[in-house]
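J.: Sharing a structure here in structure tokens format.
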Amino acid sequence: MPPRYVCTARNKGWPSARNCRPAPLIRVRMLDECVEEWFLQRFGDGMIFETVYDPGNGVDERIAEVRATRERLRADREAGLYDAADDAAWFRERYAALGRELSTRSGPSTTAPVTPSPRSAWEGCRRNSRILYLLRFGPAYAAFPHDWP
Ligand SMILES: [Zn+2]
């Protein structure tokens with residue numbers, strides 16, 4: 001059985017997913033291919049700018065700490081940790097929370113272009129890293145059944 005993504009909304013108790021049974025699923029490879037096509041078409045050859053925080057206003061230590069934690073999580077994830085479904089959910093939440101904290105830290109900041117280009121970054125990394133890379137762009141997707149109106 002090839003690996004698949006499956007809807008877990010009903011298990012999470014979402015009222016609107018009460019009647020979602022059987023839970024729809026999609027092969028991981030199919031959805032990954034769709035996401036890759038979507039991403040590379042829109043962002044592959046674009047220029048991405050990132051906010052760079054300057055230290056020196058008293059929050060630099062906390063920023064360094066949050067960054068280090070994020071790097072560690074990223075490395076663990078690349079090493080194959082958090083691959084179980086509940087671990088993966090925890091990881092995403094934690095990773096996003098750290099990102100939010102970083103983005104709300106006030107301090108002098110500048111923007112700088114990110115290299116390499118999204119396409120070469122994408123092509124140069126493995127699947128888990130691609131997921132992390134995508135998270136930086138804040139994507140959201142919805143999957144609909146074939147017979148959706
Ligand atoms: Zn569902």
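The values are calculated or read from the model by the stated rules, or taken from the named source; none is laboratory data. Predicted model only: the values in this text are computed from it and were never measured. Using ideal geometry, Cβ is built from the backbone for each residue, glycine included, and neighbour counts are taken over all protein chains shown.
J.: Has segment 40-55 got at least one residue that is away from the ligand (no atom under 16 Å from the Cβ), among the β-branched types (V, I, T), assigned by TED's automatic domain parsing to the domain that holds R67 and not in a loop (DSSP other than H, G, I, E, B)?
T.: Within segment 40-55 (the criterion being away from the ligand (no atom under 16 Å from the Cβ), among the β-branched types (V, I, T), assigned by TED's automatic domain parsing to the domain that holds R67 and not in a loop (DSSP other than H, G, I, E, B)), the answer is yes, since at least one residue qualifies.
Results for (1) touching a Phe, Trp or Tyr at 6+ places or on another chain (Cβ under 9 Å); (2) of a type in the set (A, V, I, L, M, F, W, C); (3) over 30 Å from C20 (Cβ atoms), shown as yes or no for each residue.
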position	(1), (2), (3)
T51	no, no, yes
E65	no, no, yes
A97	no, yes, no
L102	yes, yes, yes
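J.: So which residues in segment 114-149 are modelled with pLDDT under 80, of a type outside the set (G, A, S) and either assigned to a helix (DSSP H, G or I) or in contact with a strand residue (DSSP E or B) (Cβ under 9 Å, 6 or more places away or on another chain) (or both), if there are any at all?
T.: V114, R136
J.: Looking at (1) under 30 Å from T104 (Cα atoms); (2) free of Cβ contacts under 8 Å to residues at least 12 places away in the same chain, which is the only condition E50 fails?
T.: (2)
J.: Sticking with this one: Identify, please: which residue in segment 6-39 is in a strand (DSSP E or B) and without any contact (Cβ under 8 Å) to a residue 40 or more places away in the chain and is, among those, farthest from the ligand (Cβ to nearest atom)?
T.: By that ranking, first place goes to R27.
J.: Could you say which residue among A79, A64 is over 20 Å from L134 (Cβ atoms), loosely packed, with under 14 Cβ neighbours inside 10 Å, free of Cβ contacts under 8 Å to residues at least 40 places away in the same chain and away from the ligand (no atom under 16 Å from the Cβ)?
T.: A64
J.: Scan segment 83-93 and tell me whether some residue there is within 25 Å of G44 (Cβ to Cβ) and not assigned by TED's automatic domain parsing to the domain that holds V35.
T.: The answer is yes, given that some residue of segment 83-93 is within 25 Å of G44 (Cβ to Cβ) and not assigned by TED's automatic domain parsing to the domain that holds V35.
J.: Six or more apart or on different chains, Cβ under 8 Å: which pairs go from a residue in segment 112-127 that's among the basic types (K, R) to one that's surrounded by 11 or more Cβ atoms within 10 Å (Cβ to Cβ)? Could you list them?
T.: Going by the 8 Å Cβ cut-off, the qualifying pairs are R119/L40; R119/G44; R119/D45; R126/E78; R127/D32.
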